[in-house]
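Here, each number is a calculation from the coordinates, and none is a lab measurement. In this text, all values refer to a predicted model and were calculated from it rather than measured experimentally. Cβ: placed from backbone, ideal geometry, glycine included. Neighbour counts: every protein chain shown.
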Amino acid sequence: MKKSQKAYIFVCNLFTFIYYNRNGDCVDSRVIASIEIIEHELVPKHEILSDKEKEEILKIFEASLDQLPKILISDPVVKMVEAKLNDVIKITRESPTAGESVYYRVVVEK
């Protein structure tokens with residue numbers, strides 16, 4: 001966009017600006033930042049278990065998939081690790097008291 005052009009600014013989200021002219025035509029858009037959420041220090045490690053690991057965990061806890069805590073397929077981290085429905089996610093959190101805490105969640109639609 002040239003400096004002489006006047007434009008309206010529409011903020012799509014915190015990191016994207018889209019510039020429109022008076023006719024409503026998009027003249028420019030810029031992503032000014034990008035965040036990799038799984039790299040953030042407050043987001044715990046998420047891993048998809050293999051089928052064998054999933055069976056072992058269900059056997060250890062004497063549980064079925066329906067009895068595990070749920071995590072939605074729409075969760076941003078689930079999307080980043082490319083999990084599918086019925087995958088079991090191992091979540092490892094650092095804890096000041098326990099050192100490390102491990103949680104298991106099954107991916108569900110709702």
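Would you mind ranking His40, His46 so that the residue whose beta carbon has the fewest other beta carbons within 10 Å leads the list?
His40, His46
Counting 0.36 nm for each residue step from Leu72 to Lys59 and taking away their Cα separation leaves a gain of 2.4 nm. Non-local lysine pairs in segment 38-108, meaning eight or more places apart or on different chains, with alpha-carbon distances under 19 Å, amount to 16. What does the C-alpha gyration tensor say about the overall shape of segment 38-108? Classify as rounded when a/c is under 1.5, otherwise prolate if a/b is larger than b/c, or oblate. The shape class here is oblate.
Projecting the Cα atoms of His46, Val78, Pro96 onto the dipole axis of segment 38-108, where Lys and Arg carry +1 and Asp and Glu carry -1 at the beta carbon, places Val78 farthest toward the positive end.
Projecting label points 7 angstrom from Cα along Cα→Cβ for Glu100 and Ile48 puts them 2.2 nm apart. For segment 39-108, GluC sites (Glu not before Pro) are listed when DSSP marks them as loop and at most 13 other Cβ atoms sit within 10 Å of their Cβ; the list is Glu41, Glu62, Glu82. Neighbours of Lys59, meaning other residues whose beta-carbon lies under 13 angstrom from its beta-carbon, give a summed charge of -3 when Lys and Arg score +1 and Asp and Glu score -1.
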